[in-house]
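The values are calculated or read from the model by the stated rules, or taken from the named source; none is laboratory data. Keep in mind that what you see is a predicted model, and the values were worked out from it rather than measured. Neighbour counts are summed over all protein chains in view; Cβ atoms, including those assigned to glycine, are modelled from backbone coordinates with ideal geometry. Heavy atoms of the whole protein, side chains included, go into the accessibility calculation; ligands, DNA and RNA do not. Shrake-Rupley method; radii C 1.70, N 1.55, O 1.52, S 1.80 Å.
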Amino acid sequence: MMRKLATSLGIIILFLILTIPSAFQTANAASSPSIAEQVKALTDAGVLKGYDDGSLQLDAQVTRGQFIAFLVRALDLPPGDSGFKDVGTNHSLYPEISAAKKAGLLVGTLDGYALANQSVTRSDVAVMLDRAMQLKGDYTKKATLTYKDQAQIGRYAYESVQRMTYYGLIKGTEDNYFFPQKTATRGESIRFVYRFMDALHLFSSDKEPITPPKPADSSEVVVPVNDYQYIKVRMNTRGVPLTYNKRTKDVHIRSADEHFYYHMGNASKPLGSLRVTLRKLDNGDVFVFTKFIHNGDNTYSASVIVPFHQSDNYTLAKYSSFGEVNQTHDGTFGVDKTSHPTGILSAKKGQAVTNEMMISKNYVSLHRQMKYANGDKSVLRELVNELESYKVYTDTARNLVTAHVNMSIRGKAISENWVLLSDKRLFADNTNRDNWFKRTIEQYTTINNWLTADGAYTKLPWSIEPSYQMGYGRNIGRMQGGVYLTAYNGNKERYFYDLVVNAIADLDVFSGGALTARKNPIFPTEYTSTWLKKAYGTTAPYFDTRLNENAALFLKNTSESLSIQELTGANFRYADYLVQQKKLGNTIPVTASSYLISDYYGLGNGQTKTHASLNHALGEMRFLLETYKQTKNDAYLKTAREIKAGIEHLHPKWIRSNGDLWYQVNPNLTFAGSDYPHLTLMDLLLSQNVFAETGIPRSAIFDELIRTKTKYMVANNVPIPSFAVQLLREQGFGGLINDKYKASTRKADVEKRPKDDLDLLAE
């Protein structure tokens, strides 16, 4: 009742610019929606209204009374009696302030004043917010504060600031100031109130729980997703029943999987199986992975049916609206026959979005493996087809929009699809959505689209065993979600957050839960490269140093960007692995005190020493130095220096007769292979930067390698990426490049090595 009354009172409140929650992730807190979306959500909830002229006046300051009123409306607290000397019954905020006093949200001064008209400070807000949180649960954990001005936080507010910081509801500025005495603005208040209500699930209080229906017949299963959503999986081919088998659960970092298993066909002699996996993320979104394994001969049809209640219309933003992928032949990978998801379905009630769903395509594949004499095996998938079939139905009389995502269940094959469900918009900004769709089309070979509960499958080179031109596998370099983390850090869109958390789960599944157990695993490659087998006898499984470097950096960067404590130190395990390689004998000695680490390390199938490539060595050295900066562990610095010396001692042999660099040095110190177009140049430039950051003198030999590589690229019209051009100019090599090479001044471009250029097997 008070909330409905409050809609007529045109007052705003509240506080702090907030960021991504750290330990306390909740529904939408991770997606950082636009201010326009937050305003609409608060208005729809009856908590917010603008001034009479329709403005919001986001820069206006907020009073203590306004702040309290906003909290009371958000919590829908019952009425009370003011009892404050300065808040009589004729006060415009009397209902809210009296309710706040009764609930204990507003204590007032010792002499009985509410000071309702005074500006509210950030310290005051932390205290009031803390009290409001305690009304809804036991939110008592505290963070160790690191704000530069934490000494200015009054004793009355200090523990409240600790608690609200711990739960991620408040955070300092980019340069880590809290500004405890600063007055909150209306715009800051809107951001905070939205996240506060979302954290306590107050936006869903008006939703009516939905009781999932019983299956229509034996060919259908119903899987509850949450209190407001369920899905159906139905065999469209008559006479093929689905019978319940079992249910299991796996917990990951910031997500959990619920697996529902069914027999396909007669349970006593099934034709195959169905597994439906709900990957529930900490922000409330859910990936639904559907996997049929059909051991029979016939081809069947099935549908994943997703009903959206309280919706009377929909829109569908399709990737194909922005063009078609150019599936050209690549000399290493052949043709990648996958493309992109279908698009985002937005279920609506009038103009308001009630739910969104990213719809994938249907991937039909064959399981392929080769066993070796020692019991090891190489595992991959042969893609048969990527299919798209869906239908959306609208029943306005029942306020129901229903999506049918169809699947082809081919005999002797695996059929998979996925959808991502959210009760919030996956992209707060349509421009960000459209730009991502365009980028996915242009870079379809480097952005994952075939997602499964076991990990993403991506195109493999032709040089694999067993040999299939349409071979796809779970590649560590592609399962890690660095590309999505970079996108999320850029615009905080919900969809990218979901993909980052999904990537963490994929790595956890691949490691058998070792990531969640905080063992920080080294990830093996599970398919054989015939190139490695021919040269060294190495077959799957084996360790690829560069792919593990990418995974370790992704986990480290994710830990820092999303404040995931469980991933703290995830990079240390890989750094330890690099340090151990000398003791294991997996190195190529250059001098008595310098060496390079072999690119690969076989597991259980012979440990023949392989080559060391220049880009791997540079990446390992930089990784160790970055980890040394974190830990001051001298073992990391020592190993990095030994690798650096190994690279330098091999100069000028790295330089080929044509002016380019060699790709690799072999165990007998001979050289071979063509270098990457520009990856090694970036590694050299970034290495000089990290030397400066760790107190190591600039390497004159590295400078000579930079000059050589740059001259070769200019002379042969090899494109130089804009971020590499920027680094060349910053480091004094501008005279080597002509005006056609344009620099980038974007910080992200300069600091992030382009991982998309890494071939899967570093061939």
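Observations, loosely collected:
- Some residue of the stretch 567-581 being in a loop (DSSP other than H, G, I, E, B), under 21 Å from LEU618 (Cβ atoms), touching a strand residue (DSSP E or B) at 6+ places or on another chain (Cβ under 6 Å) and open to solvent by less than 10 Å² (accessible area, probe 1.4 Å): no
- Candidates are the residues of the stretch 639-663 that are in contact (Cβ under 8 Å) with a residue 40 or more places away in the chain and charged (D, E, K, R); the one that is surrounded by the most Cβ atoms within 10 Å (Cβ to Cβ) is LYS644.
- The residue list ARG254, ARG238, ARG234, ARG247 contains one member that is in contact (Cβ under 8 Å) with a residue 60 or more places away in the chain, more than 30 Å from THR568 (Cα to Cα) and among the charged types (D, E, K, R), which is ARG234.
- Of the residues examined, ASN298 is one that is open to solvent by 60 Å² or more (accessible area, probe 1.4 Å), part of a loop (DSSP other than H, G, I, E, B) and more than 30 Å from GLY602 (Cα to Cα).
- So ASN586, is it open to solvent by less than 10 Å² (accessible area, probe 1.4 Å), out of contact with any Asp or Glu (no Cβ under 6 Å at 6 or more places or on another chain) and either of a type in the set (Phe, Trp, Tyr) or at pLDDT below 95 (or both): yes
- The sole residue among ASN283, ASN295 that is at pLDDT 95 or above and among the polar types (S, T, N, Q) is ASN295.
- Residue in the stretch 489-510 that is farther than 14 Å from ALA453 by Cβ, touching a helix residue (DSSP H, G or I) at 6+ places or on another chain (Cβ under 7 Å), crowded, with 24+ Cβ neighbours inside 10 Å and charged (D, E, K, R) present: yes
- Selection count, the stretch 366-384, where residues are on the phi > 0 side of the Ramachandran plot and open to solvent by 70 Å² or more (accessible area, probe 1.4 Å): 0
- Complete set of residues in the stretch 428-447 that are touching a helix residue (DSSP H, G or I) at 6+ places or on another chain (Cβ under 6 Å) and not aliphatic (A, V, I, L, M): ASN432, PHE437, LYS438, THR446
- Some residue of the stretch 467-477 being part of a helix (DSSP H, G or I) and either open to solvent by less than 10 Å² (accessible area, probe 1.4 Å) or more than 26 Å from TRP531 (Cβ to Cβ) (or both): yes
- Test for ALA612: is it over 30 Å from the mean Cα position of the chain (by Cα), closer than 22 Å to ILE696 by Cβ and open to solvent by 10 Å² or more (accessible area, probe 1.4 Å): no
- Of residues in the stretch 525-550 being within 24 Å of the chain's Cα centre (by Cα) and modelled with pLDDT of 95 or more, the one least open to solvent (accessible area, probe 1.4 Å): THR525
- Unique residue being open to solvent by less than 40 Å² (accessible area, probe 1.4 Å) and within 30 Å of TYR177 (Cβ to Cβ) when the list is VAL125, VAL107: VAL125
- For the stretch 664-681, the set of residues classified as within 19 Å of PHE702 (Cα to Cα) and either without any contact (Cβ under 8 Å) to a residue 40 or more places away in the chain or under 32 Å from the mean Cα position of the chain (by Cα) (or both) consists of PHE671, SER674, ASP675, TYR676, PRO677, HIS678, LEU679, THR680, LEU681, listed by residue number.
- Taken together, the residues in the stretch 352-365 that are modelled with pLDDT of 95 or more and either in contact with a Gly (Cβ under 7 Å, 6 or more places away or on another chain) or open to solvent by 30 Å² or more (accessible area, probe 1.4 Å) (or both) amount to 1.
- Selection within the stretch 343-357 - in contact with a Leu (Cβ under 8 Å, 6 or more places away or on another chain) and of a type in the set (Ser, Thr, Tyr): SER346
- Every pair of residues 6+ apart whose Cβ atoms lie under 6 Å, when the first sits in the stretch 567-591 and is within 10 Å of ALA552 (Cβ to Cβ) while the second is assigned to a loop (DSSP other than H, G, I, E, B) and open to solvent by 10 Å² or more (accessible area, probe 1.4 Å): ALA570/ASN520; ARG573/ASN520; TYR577/ILE522
- Some residue of the stretch 483-494 being more than 28 Å from PHE260 (Cβ to Cβ) and among the small types (Gly, Ala, Ser): yes
- Scanning the stretch 395-404 for residues that are surrounded by 16 or more Cβ atoms within 10 Å (Cβ to Cβ) and either of a type in the set (Ser, Thr, Tyr) or farther than 25 Å from GLY350 by Cβ (or both) yields a total of 1.
- Of all the numbered requirements in (1) in contact with a helix residue (DSSP H, G or I) (Cβ under 6 Å, 6 or more places away or on another chain); (2) in a loop (DSSP other than H, G, I, E, B); (3) on the phi < 0 side of the Ramachandran plot, ASN520 misses one, and that requirement is (3).
- Hey, LEU624 in a helix (DSSP H, G or I), surrounded by 16 or more Cβ atoms within 10 Å (Cβ to Cβ) and either acidic (Asp, Glu) or out of contact with any Phe, Trp or Tyr (no Cβ under 6 Å at 6 or more places or on another chain) (or both) or not: no
- Every residue from the stretch 319-338 that is small (Gly, Ala, Ser) and within 27 Å of the chain's Cα centre (by Cα): SER320, SER321, GLY323
- Taking the criterion of being assigned to a strand (DSSP E or B), under 30 Å from SER311 (Cα atoms) and within 26 Å of the chain's Cα centre (by Cα), the residues of the stretch 349-385 that qualify are VAL353, THR354, ASN355, GLU356, MET357, MET358, ILE359, ASN362, TYR363.
- Search result, residues across the stretch 284-304 that are among the charged types (D, E, K, R) and within 28 Å of ALA505 (Cβ to Cβ): ASP285, LYS291
- Residue in the stretch 704-716 that is among the charged types (D, E, K, R) and open to solvent by less than 50 Å² (accessible area, probe 1.4 Å) present: yes
- When residues of the stretch 412-447 are limited to those that are in a loop (DSSP other than H, G, I, E, B) and open to solvent by less than 10 Å² (accessible area, probe 1.4 Å), the one nearest to LEU387 (Cα to Cα): ILE447
- Flag for ASP217 being touching a helix residue (DSSP H, G or I) at 6+ places or on another chain (Cβ under 9 Å), open to solvent by 30 Å² or more (accessible area, probe 1.4 Å) and either free of Cβ contacts under 8 Å to residues at least 40 places away in the same chain or over 23 Å from LEU48 (Cα atoms) (or both): no
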